[in-house]
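Novice: I have a structure I would like to understand better, so I am pasting it below and will then ask my questions one at a time.
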Amino acid sequence: MLWLFYYLITMVKIYLIGLCILIVAIIANAIIIKIGLMSWYDFIELLTNDGASAFKKVEILEYFWLFFGYPLVLGFGYVIGIKLHSIIF
C-alpha cells in the first residue's frame, strides 16, 4: 500500500512540473510575440514553407532565443514546479 502512495506523490510531482512548464511556455510565447521575436511555431512554419533556405532568413537574436533563451526559460518552469512540489509536500 505504501508503493501506491509513493506512486501518487510521484504522479502529482510530474503533473505540477508539467503544468508549471506549460504556464511558463505560454507566458514566454506571449511576451516574445509582443517583442517581435520568432517563436518555435513561426520557425517551424518558415522551415515548412521555405525549406533549408529558411535558415538564412532567421536573425542571430532569434537563433539565440530559440536555442538558448527558450530552453532556459522552460528550465525555469521546471525549477518552479520542483519548488512548488516541495512546498506542498
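Just so you know, all these numbers are worked out from the coordinates, no wet-lab data involved. Bear in mind the structure is a predicted one, so any value in this text is a computation, not a measurement. All Cβ positions, glycine included, derive from the backbone under ideal geometry; neighbour counts span all protein chains shown.
Novice: Can you tell me the dipole magnitude for segment 38-89 around its Cα centre, using point charges on the Cβ only (Lys, Arg +1; Asp, Glu -1), in Debye to the nearest 20?
Specialist: Dipole of segment 38-89, to the nearest 20 debye: 240 debye.
Novice: Report the charge-dipole magnitude of the chain in Debye, nearest 20, computed about the Cα centre from +1 at each Lys and Arg Cβ and -1 at each Asp and Glu Cβ. The partial results should precede the final answer.
Specialist: Numbers: 5 positive and 5 negative charges, 66 e Å.
With only Lys, Arg, Asp and Glu charged at Cβ, the dipole is about 320 debye.
Novice: In addition: Positive end of the charge dipole of the chain (Lys, Arg +1 and Asp, Glu -1 on Cβ, about the Cα centre): tell me which of C20, M38, F64 has its Cα farthest that way.
Specialist: Going by the charge dipole, the pick is C20.
Novice: Within the P(r) computed for segment 38-89, what percentage of the Cα pairs occupies the region above 14 Å? Write out the running numbers ahead of the final one.
Specialist: Numbers: 820 of 1326 pairs.
Cα-Cα pairs of segment 38-89 separated by over 14 Å account for 62 percent.
Novice: Continuing with the same structure: Taking K13 as the anchor, which lysines have their alpha carbon closer than 18 Å to its alpha carbon, excluding any fewer than eight residues away along the same chain?
Specialist: Filter leaves K83.
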